[in-house]
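J.: The structure's right below; bear with me while I get my questions together.
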Ligand SMILES: [Zn+2]
Ligand SMILES: [Zn+2]
């Protein structure tokens, strides 16, 4: 599930921008991977905090989110790569923190891209493959992403002497830190382009459309995010590509109510069927209907548990259960004949129904 952004920042829905900024600043400091060495969950928490802040700090995005989060993937994630910008604002210019490694010592990494796909409950149960298409920076074909005209060698950078990095001391809210930062002349490559590729002007990437095949695992939940490493936007020449994040929407299925791996199905039976017993056909996701014996004397609201007929458990063995809740239908219109037999029945049980004049017959 996608966490509620207000919960992530620990602020109320009416929180003002100052309060949101303050909460972000505190959480960014607490969850920043540099402040949590050896804690692999810190980076994920930090990203969640940054993402929540990205949306709630922007009035337009926040309004869209408040309306029910039905905003375009582009709106949701367009500034996903802006985490670096965000950090610069709070942690001092050019902090250059990069996920998945120490300081920034290489060329700029490609930005992460977010997109959404929608699947049916059946597809969520069986697993599915989806082709997602989006516009993003893609590697330039002319130079294979190097940014340099084919056949012309790169020259060693004379500022860093080919090291790609320089040492700097920086004042951050975490204290003074010695950082190794990318050489700004060669952008960390250690080499400079002598003759830039004409197609991409030396960037190594061009704007284009990318198609990525995404595997949606069986048992996926509504709102789950799948990370496809390296399938985001291309980085600067020599830089790593960003990641692709695919948010999966599972369309509601009117036959079922889903609770994790368990499903609830409500089956309607008649008055006589509940009293005398009956057979009901119960839909099972991804399988043929199941013939359920409803025993005589079944009460309204009774629940039958069909073990392992629910959804597959995500990334685990087994399936959840299918819970069948029995709804006994009380007829609201009766023919004269039906009413007569029901009155005869009431006489035998000693029930005292309202007199006939108060009821209308079905024509
Ligand atoms: Zn090129
Ligand atoms: Zn350099």
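Bear in mind these aren't lab numbers, they're just calculated from the coordinates by the rules spelled out. This is a predicted model, so every value here is computed, not measured. Ideal geometry is used to build each Cβ from the backbone, glycine not excepted, and the neighbour counts take in all protein chains shown.
J.: How much FRET efficiency would the formula 1/(1 + (r/R0)^6) give for residue 144 and residue 44, where r is the Cβ-Cβ distance and R0 is 25 Å, rounded to 0.05?
T.: Calculated value: 0.15.
J.: What's the extension gain from residue 325 to residue 178 if we count 0.36 nm per residue and subtract their Cα-Cα distance?
T.: 46.6 nm
J.: Using only Cα atoms, figure out Rg for the range 188-299 and give it as a multiple of 2.2 N^0.38 Å.
T.: Normalised Cα radius of gyration, the range 188-299: 2.05.
J.: Using r as the Cβ-Cβ distance of residue 67 and residue 159, and R0 as 41 Å, what FRET efficiency do you calculate, to the nearest 0.05?
T.: 0.25
J.: May I pose another question? Could you work out the mean projected area of the convex hull around the alpha carbons of the range 257-358, in square nanometres to one decimal?
T.: The orientation-averaged projected area of the Cα hull of the range 257-358 comes to 8.1 nm².
J.: Computed FRET efficiency, Cβ-Cβ of residue 29 and residue 60, R0 30 Å: what is it to the nearest 0.05?
T.: Using R0 = 30 Å, I get an efficiency of 0.65.
J.: Here is a follow-up. Quick one: work out the % antiparallel among DSSP beta bridges in the range 257-358, nearest 5.
T.: Within the range 257-358, antiparallel bridges account for around 65 percent of the total.
J.: State, as an integer percentage, the relative contact order of the range 257-358 based on alpha-carbon contacts under 8 Å between residues 6 or more apart.
T.: 29 percent
J.: With a cut-off of 8 Å between alpha carbons and a minimum separation of six or more residues, what is the relative contact order of the range 110-236 in percent?
T.: Relative contact order for the range 110-236 comes out at 42 percent.
J.: Taking the alpha-carbon centroid of each part, what is the distance from the range 131-171 to the range 285-332 in angstrom?
T.: If we compute the Cα centre of each part, the gap is 58 Å.
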